[in-house]
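All remarks here apply to the structure that follows.
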Amino acid sequence: MVFEMEGYRAICQEKWAINKTIITGGDSDFFARKLKKPIFANQNLVLLGLNRILDYNA
């Protein structure tokens with residue numbers, strides 16, 4: 001899975017010059033340690049976003 005993510009990132013870099021990778025979910029810390037390039041990893045990104053929406057609407 002790590003090699004697949006690295007390959008997909010390389011393709012995106014070539015085609016669109018994308019330099020940032022964001023990984024979310026329960027295994028994001030595992031993949032963040034295994035990938036060669038720096039990434040943004042947060043296990044609770046969706047929950048943080050939902051909480052921000054809740055706070056905004058309160």
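Every read-out reported here was derived from the displayed coordinates using simple, explicitly stated rules and does not represent laboratory data. Predicted model, so just to flag it, every value in this text is computed and none were measured. Note that we place each Cβ from the backbone using ideal geometry, even for glycine, and neighbour counts take in every protein chain shown.
A few comments on the model shown:
- For the chain, leaving out every one of the trypsin sites (Lys or Arg not before Pro) that falls in a DSSP loop and has at most 12 other Cβ atoms within 10 Å, the longest unbroken run is 37-58.
- The angle between the Cα long axis of helix 45-57 and the longest principal axis of the Cα atoms of the chain comes to about 30 degrees, rounded to the nearest 10.
- Taking Cα atoms only, the orientation of helix 2-16 departs from the longest principal axis of the chain by about 90 degrees.
- Magnitude of the charge dipole for the chain, about its Cα centre and with charges confined to Cβ atoms of Lys, Arg (+1) and Asp, Glu (-1), is about 200 debye.
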